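Reviewing the structure listed below.
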């Protein structure tokens, strides 16, 4: 029995590198989008969990749209601005949320409007981890999070409705 314990321990230790290799360094969770009325633009929001070394999200693509680009929404006074991002750095061990009120993936020239309940694939491209794919679930037009309808999720900020600057820095 005494010899059996070290053998079991050595066997378990031998499997550790294989278990670590099975888990990708970057995982995508809770990918969602809002239903749209047109094919002009849409957004994709999700959580990125980086379990590896520092990396950066450098792009995305999906068959649902001609272009899938990184964007940042921010408030400057009472004006909402939308700017493209070249990349989105993600520190080692960091979890990053892409959401409507911040960094997100902008879908442009969509093949068809996004309908509630639909799903579509998206592939995110990372500088070191490479391509990582997931499925996006489309919620209602007013959804505030995955699986939510209008009015659910975080409460909107109080005050006057902001103006919008959609010039994309041009």
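Is it the case, given these coordinates, that residue 60 is more than 20 Å from residue 143 (Cα to Cα) and surrounded by fewer than 14 Cβ atoms within 10 Å (Cβ to Cβ)?
Values: more than 20 Å from residue 143 (Cα to Cα): yes; surrounded by fewer than 14 Cβ atoms within 10 Å (Cβ to Cβ): no.
In short, no.
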*Residue by residue through region 106-163, note down the ones that are at pLDDT 90 or above and on the phi > 0 side of the Ramachandran plot.*
109, 117, 130
*Which number in (1) on the phi > 0 side of the Ramachandran plot; (2) at pLDDT 95 or above marks the one condition that residue 64 misses?*
(1)
_Tell me whether region 103-111 contains one or more residues that are farther than 15 Å from residue 31 by Cβ and surrounded by 14 or more Cβ atoms within 10 Å (Cβ to Cβ)._
yes
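Residues that are touching a residue at least 40 places away in the same chain (Cβ under 8 Å), at least 3 per element: which strands (runs of 3 or more DSSP E) completely within region 38-149 meet that? First the steps, then the outcome.
Numbers: elements: 41-50, 55-61, 65-76, 79-84, 88-90, 95-98, 103-110, 119-126, 130-139.
So the answer is 41-50, 55-61, 65-76, 79-84, 95-98, 103-110, 119-126, 130-139.
Report yes if residue 94 is farther than 28 Å from residue 23 by Cβ, modelled with pLDDT of 95 or more and surrounded by 13 or more Cβ atoms within 10 Å (Cβ to Cβ), otherwise no. First the steps, then the outcome.
Numbers: farther than 28 Å from residue 23 by Cβ: no; modelled with pLDDT of 95 or more: yes; surrounded by 13 or more Cβ atoms within 10 Å (Cβ to Cβ): yes.
It is false that residue 94 is farther than 28 Å from residue 23 by Cβ, modelled with pLDDT of 95 or more and surrounded by 13 or more Cβ atoms within 10 Å (Cβ to Cβ).
The values are calculated or read from the model by the stated rules, or taken from the named source; none is laboratory data. Since we're looking at a predicted model, the values are computed, not measured. Here the Cβ is made from the backbone with ideal geometry for all residues, glycine too, and neighbour counts use every protein chain on show.
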